[in-house]
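Written below as structure tokens is the structure these notes are about.
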Amino acid sequence: MHETVESTRAELQDFEELVRLQWSCIYRFILVSVRNADSAQALTQDCFLRAYSKRETFRGEASAKTWLMKIAINLVRDFCRSRRHQFWKRLGNSGATLGEVGDYLPGAEISPEDKASINEQVQMIWQASKSLPDKQKTVFLLRFVEDMDILEIADATGMKEGTVKVHLFRAVHTIRERLGRMK
Amino acid sequence: MSAHLSSEQISKWIAGDRTPDADRHLQECIQCSSEIARLKTVLAEFRSSVVAWSALQKNAEAPERWAISKPRRKFVHSILHWRLAAATLVVIAIVLTGKNISDRHRKAAEFQADVQLWEEVNAQISRPVPASMEPLMNLIAWDQESGNK
């Protein structure tokens, strides 16, 4: 535990390096959560600025990534409650044009038919995850996009482990139902 | 072998809520294990797609330069603010005083010019003869002086 605290504090000492290492993952989580490139950039900057200004008070109980993710989750939550976001949401417009996630499927070794099928399912998950309730969406993205385990998600969200599992179960079940309907 | 896993049990397993019974069943049941494998594949593809898509967005990379100036203490800030305010007041006072002095100089010069003009007018009015006749008056005065002698 003591070593973890020391290593995390060491990570925070070289803040520029921390930004370089964690920027893309924080940006990705925020981008997928708010689905607006400009807002995602602004929120990512806010996230690192907050982390920088609060780095002295950081106790080092979690990893730097988990700590940054915690700040990002709070920023996304506040942003989603903001009137600006609600306005765009009501218009059904996410602000920036983000393209289709399924078009970025890597792996050329699968057959075109399989690729088309997976592409369709990926699109379905993308759409379904958008309409999930906020907490379910957050834990789903942290688990299946950021590849964080249940304990890390619990640390980042401030939820209990059991609560994370419940939200994750509901999110997965909703998405499976949508995928099932597609078949 | 027990009955297949229910839809909820499969969702729970994927969500990380795994029981020994479900694990045991998945080792034996091809149908349930293939459903789990299919879901895992789709979720992995979803992750890969999102990561690839996000990496191609603008601002996906960290900024070249992340320079944050060290926050100065509030005390230092307040001293600086007071110094700036004092300097501004001094500048304003200098400008106002300078303007005042130049106004006074201008008024004094105007007054001087007025006095000079007044004196000239007085001199013109108080002449016994017009200025053009003054040489003749000098001659008359010279004649009178020589006659007296």
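The values are calculated or read from the model by the stated rules, or taken from the named source; none is laboratory data. Everything numeric here is computed off the predicted structure, so don't read it as measured data. Methodologically, a virtual Cβ is constructed for each residue, glycine included, from the backbone with ideal geometry; neighbour enumeration extends over all protein chains shown.
Annotations
- Top-ranked residue of the stretch B:11-35 - restricted to ones that are hydrophobic (A, V, I, L, M, F, W, C) and within 59 Å of the chain's Cα centre (by Cα), ranked as nearest to residue A:142 (Cα to Cα): B:15
- Among the conditions (1) in a helix (DSSP H, G or I); (2) modelled with pLDDT under 90, residue A:125 misses just one, which is (2).
- When the stretch A:21-38 is filtered for residues that are more than 20 Å from residue A:125 (Cβ to Cβ) and in contact with a Ser or Thr (Cβ under 9 Å, 6 or more places away or on another chain), the ones remaining, listed by number, are A:23, A:24, A:26, A:27, A:37.
- Subset tally (residues that are in a helix (DSSP H, G or I), surrounded by 15 or more Cβ atoms within 10 Å (Cβ to Cβ) and either more than 14 Å from chain B (Cβ to nearest Cβ) or among the aliphatic types (A, V, I, L, M) (or both)) for the stretch A:37-64: 6
- Condition met for residue A:83 (more than 19 Å from residue B:51 (Cβ to Cβ) and either crowded, with 19+ Cβ neighbours inside 10 Å or at pLDDT below 85 (or both)): yes
- All of (1) modelled with pLDDT of 80 or more; (2) over 30 Å from residue A:48 (Cα atoms) hold for residue B:81 with one exception: (2).
- Checked against the criteria, residue A:170 does not count as facing another protein chain (nearest Cβ under 8 Å) and at pLDDT 90 or above.
- Which numbered condition residue B:128 fails, given (1) surrounded by fewer than 10 Cβ atoms within 10 Å (Cβ to Cβ); (2) part of a helix (DSSP H, G or I): (2)
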